[in-house]
1. Find out how many positive minus negative residues lie around D42, taking Lys and Arg as positive, Asp and Glu as negative, among other residues whose Cβ is under 10 Å from that of D42.
2. State, to one decimal in nm, how far the label point of V24 lies from the label point of R407, with both points 7 Å from Cα in the Cβ direction.
3. Given R₀ = 56 Å, what would the calculated FRET efficiency be for A414 paired with V96, taking r from the Cβ atoms and rounding to 0.05?
4. Using 0.36 nm per residue, how much length does the chain from E248 to V53 gain when fully extended, once their Cα-Cα distance is taken away?
5. With labels modelled as points extended 7 Å from the Cα through the Cβ direction, what inter-label distance (nm, one decimal) is found for K273 paired with K11?
6. Can you list the HN-Hα couplings for the stretch 276-293, worked out from phi with the Karplus curve (6.51, -1.76, 1.60; θ = phi - 60°), rounded to whole Hz and with x for Gly and Pro?
7. Neighbour counts of other C-beta atoms within 10 Å: give me H234, H355, H443 arranged from fewest to most.
8. Going by how many other beta carbons lie within 10 Å of each one, how would you line up R151, R265, R240, R47, fewest first?
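Here, each number is a calculation from the coordinates, and none is a lab measurement. These numbers were taken from a predicted model, which means no experiment stands behind them. Heads up, the Cβs are rebuilt from the backbone with ideal geometry, glycines too, and the neighbour counts pull from every protein chain shown.
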Amino acid sequence: MPLFKVFSAPKATVTITPSKGSYVLGETIGGTISISPQEAFDCDEVRAELIGVERIRGRLQDFGGSAETRIYGPVSSGTAGPSRSQTELVMVNKPVKVSGAVRMESGQRKDMQFTMPLPSNLGPSYQGAREDGSWMERLWTIRAVVAVAGRPDLESRTDVSVAMLPPPPSESNSMQGAASAGAAAAGATAESAVPTQCPKCGAPIAITQEDLFFTCKYCGNSITLGSRSQIKKHSMLLNRLFTQQIVEAARKYMDKGIFRMNVARDAVITDVKLRYLPFWVFPVDVTTSFRGTTGGSGAPAGIGGGSGSSAETIGKLILVGADMYMRSQGRGRRGMGYQSGYTPPRTVAQTFSNHYVWPMMARESMIKEIKSFDVPVDQKVPFDQGKIPQEAEYLSSEYQEEDAKSRVRAEVDAKQRQVAASRVQVLETVTSNMTVGDGELIHAPVWFVYYTLKGESYVIAVDGSVGKILGGGRPLIKLR
């Protein structure tokens with residue numbers, strides 16, 4: 001072989017032609033590799049390669065921007081920052097062997113068929129920019145490579161469009177399948193179908209019929225699945241504490257209280273987990289009017305208090321009636337155990353108003369350790385999945401907004417009734433006029449510290465934003 005040929009590729013035209021220009025994630029790409037040699041040469045193999053890349057410029061892990069201006073794409077921490085003007089992430093680079101060693105003769109064209117699967121768990125083709133100048137491009141390419149023995153390879157490439165869902169059928173296909181489509185749609189609607197992609201950015205999602213709510217891990221978009229309505233407000237609290245700080249807070253809680261000295265010294269920490277838990281928060285304005293009785297000197301202390309049984313209350317009222325009868329007869333009352341100067345209870349009628357920012361845990365499972373949590377709404381930031389640590393567990397809401405609002409109404413009503421009852425001895429009537437505003441879903445970082453002590457297991461919940469103990473188990477006492 002002449003020396004100059006060692007440094008040059010064979011004279012040949014290579015093209016790769018997909019069977020169609022647009023595919024769906026999870027679909028199989030098919031096509032043809034055509035080789036037209038202008039000289040004879042030997043090749044080691046012919047292969048097709050599927051390449052998916054993301055090109056990113058600008059900061060991704062920041063605290064600015066809104067859901068409309070963020071970049072949508074799976075980016076691990078540290079891949080882009082202020083010191084990097086552009087980053088290229090290879091999502092996939094998968095070769096498929098089309099042919100082994102073969103002799104190419106001049107003037108004899110060879111067409112070779114190939115197929116390769118598209119991953120279903122990656123993102124579709126995408127181009128987008130953000131107001132701060134950041135941008136992202138997600139590109140899918142198929143490449144043909146003709147590996148030549150002892151010489152540079154030949155190659156050709158072409159871009160393909162990758163979407164989340166199949167394109168809408170053509171008019172002719174629609175007419176042909178109208179009858180079958182109508183029958184299939186008779187028992188179902190679009191509202192009842194389980195979505196497979198985010199309606200905002202098109203990223204793939206994996207949910208089941210049982211899920212009520214989901215948040216896209218790419219763009220942070222949140223919707224309720226029952227109505228497919230978008231969450232009006234979705235915020236989060238940032239985790240500001242490290243594992244060691246959480247453990248120290250939990251150990252102090254173990255020793256808090258009488259007879260608890262050195263409990264933490266014998267406790268064995270078995271696990272520490274960070275979970276992002278969902279809370280619904282509602283603004284509530286409520287005005288309550290109530291009527292009751294209070295006061296009345298000389299009466300038995302329990303009358304009207306509401307703490308005794310009905311029989312006890314009736315019995316005490318009979319004694320008061322007897323006392324009043326004896327007073328009318330001018331007889332003494334010392335023998336009956338009453339003080340002189342008896343006055344009847346007085347009627348109280350009042351109206352009071354309160355404004356609450358009322359939080360409600362949006363899950364029923366895995367939260368028994370949390371006794372109460374006053375969500376610090378002044379520290380919230382717009383929800384961004386990228387700000388949740390990779391090791392944290394993210395939990396979705398188990399309540400839709402309307403269900404949560406109904407529960408909040410009941411809780412606030414009970415609170416107002418409790419306030420009214422504290423102002424009288426006997427609460428006779430109480431009514432509340434309540435206005436509950438739009439809910440805001442807030443995901444909050446909560447650490448769970450698992451430990452054992454003398455064969456018993458306990459869990460302590462700690463707020464990751466401020467370090468406050470939210471509740472949990474601990475031994476009742478520890479005597480020395």
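1. Around D42, the charge tally is +1.
2. 3.7
3. E between A414 and V96, to the nearest 0.05, is 0.30.
4. Numbers: separation 195, 0.36 × 195 = 70.20 nm, distance 4.40 nm.
Extra length from E248 to V53 when fully extended: 65.8 nm.
5. Inter-label distance under the simple model: 6.9 nm.
6. 9, 9, x, 10, 8, 10, 10, x, 10, 10, 9, 10, 10, 10, 9, 9, x, 10
7. H355, H234, H443
8. Taking fewest neighbouring Cβ atoms as first place, the list is R265, R240, R151, R47.
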